[in-house]
Every structure is written in structure tokens, then in C-alpha cells.
Amino acid sequence: MYPLVYIVRHGQTAWNAELRLQGQADTDLNVLGREQATGNGLRLAELVRDPGEFDFVASPMRRTRETMERIRAAMKLDPGGYRTDPRLVEVNFGDWQGFTFAELETQSPGASRTRALDKWNFQPPGDGAESYQMLLERVKPCFDALDRKTVCVTHGGVMRTLFRFVLDMAEDEAANLEIPQDRVLKLQGKSLEWL
């Protein structure tokens with residue numbers, strides 16, 4: 001059973017807007033992404049009555065750190081008052097990072113079709129590349145260790161794994177979930193709810 005955790009995906013980046021696979025490439029928020037981060041911070045300011053009761057943790061990537069700092073600023077907290085956890089970084093897309101699926105299809109026809117056959121367990125080519133299942137095995141211990149109320153800023157892939165290990169959602173359904181960048185996901189006990 002999990003404590004109360006508010007989870008936010010980082011705001012939009014230029015690569016998100018271009019439908020590029022980011023993975024562990026360290027990209028920055030764009031203008032819309034900064035607005036989304038601040039908006040999520042204003043929402044969290046309404047939800048979190050006593051911030052002192054909460055741990056604040058983010059993926060160490062630039063886009064998640066800036067999102068957390070904007071969230072904390074919107075909550076009227078010290079922007080730097082949070083910790084990072086490397087287990088919260090995005091799934092590693094290996095050699096595919098930085099490319100759109102259209103570009104990958106030009107280079108390797110059928111690549112996206114192969115992935116679609118078993119998206120959850122598909123591991124892209126390249127050193128360090130991960131499947132969603134490998135990501136789940138990295139992420140779950142991070143959430144299992146949470147022992148107090150928490151605000152967490154992470155990535156879309158990480159949030160997909162939550163639906164798999166918290167709700168036991170089917171692999172294919174979890175792999176294809178749309179994860180918004182302008183909403184807060186509430187985890188508590190064994191439930192997940194978009195706010």
C-alpha cells in the first residue's frame with residue numbers, strides 16, 4: 001500500500017512537440033512546458049495543505065528538475081528544496097533517441113511495426129536501451145521505498161509503469177496510455193486517479 005503521492009509528468013519540450021523519442025536525452029522545457037509546470041504547481045498548492053508533511057523528489061534530468069522548481073515556486077516554496085532519484089529517469093530508447101518514428105522507418109523499414117507487436121517488452125537497439133518491463137523493474141523499488149506523503153516529478157514512461165504495477169493493467173494497455181503533461185496523478189494505497 002502506497003502513501004499519498006502526487007505525480008506529475010515534466011512539461012512539454014520541443015522534442016515532445018516534434019514527436020521525437022527523448023528517452024534519456026537531456027532536453028529542456030519549451031514555453032508551453034513551463035506554463036504546464038506552473039499550472040501543475042498551482043493545482044498542487046490547492047491539494048497540499050502542509051508542504052512540510054511532503055517529500056519532494058524528481059528525476060535528475062533537466063526537464064524534470066525545471067518542472068519541479070516551477071511547481072515549488074508556484075507553491076511559494078524554495079524552488080531548490082527537493083531531492084533527485086536516478087531511478088526516476090525516463091526509459092532509455094538507445095539508438096532511437098532523438099528520432100521520430102517516421103525517421104526510424106526511413107532508416108529501418110518495419111521498426112515501428114516490430115515494436116508495436118509487443119510494445120511493453122520491446123527493447124530498442126543500442127547500449128543501455130530498455131523495455132518498459134526493464135523500466136518497471138528499475139522504478140518499482142523507488143516507489144516501494146516511499147514512506148511518507150510525496151510530490152514526484154518524472155516521465156511518461158515511468159508513469160505508464162505505475163499503471164502496470166499498481167493497478168495490474170495489461171501490458172499492452174499500459175504501454176499505450178496517453179500521459180498528459182498538464183494534470184496531476186494521485187497515487188494512494190492501490191489506486192491511481194487523474195486530478
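Bear in mind these aren't lab numbers, they're just calculated from the coordinates by the rules spelled out. Computed from a prediction, not measured in an experiment: that's the story for all the values here. We place every Cβ from the backbone using ideal geometry, glycine too, and count neighbours over all the protein chains shown.
A few remarks follow.
- Percent of beta bridges antiparallel (DSSP, the chain, rounded to nearest 5): 50 percent
- Label-point separation, ASP172 to SER108 (7 Å along Cα→Cβ), nm: 2.3 nm
- Lysines whose Cα lies under 20 Å from that of LYS149, excluding same-chain neighbours fewer than 8 positions away: LYS76, LYS140, LYS186, LYS190
- Extension gain, ALA45-ALA116: 0.36 nm per intervening residue step, less the Cα-Cα distance, totals 21.7 nm.
- Stokes-Einstein translational diffusion, the stretch 2-194 - Kirkwood Rh over all Cα pairs, 0.890 mPa s, 25 °C, in µm²/s: 145 µm²/s
- The residues ARG83, ARG70, ARG34, when put in order of fewest to most other Cβ atoms within 10 Å, stand as ARG83, ARG34, ARG70.
- Compared with the dominant principal axis of the Cα atoms in the chain, helix 31-47 is inclined by about 40°.
- In degrees, nearest ten, helix 132-144 long axis to first principal axis of the chain (Cα): 20 degrees
- Here the stretch 1-62 is treated with +1 on each Lys and Arg Cβ and -1 on each Asp and Glu Cβ, and its dipole about the Cα centre works out to around 160 debye.
- Label zone at ALA14 (point 7 Å along Cα-to-Cβ), backbone N below 20 Å, the stretch 88-103: 96-103
- Rounded to the nearest whole angstrom, the semi-axes of the ellipsoid equivalent to the stretch 81-180, taken from the Cα gyration tensor as √(5λ), stand at 27, 15, 11, largest first.
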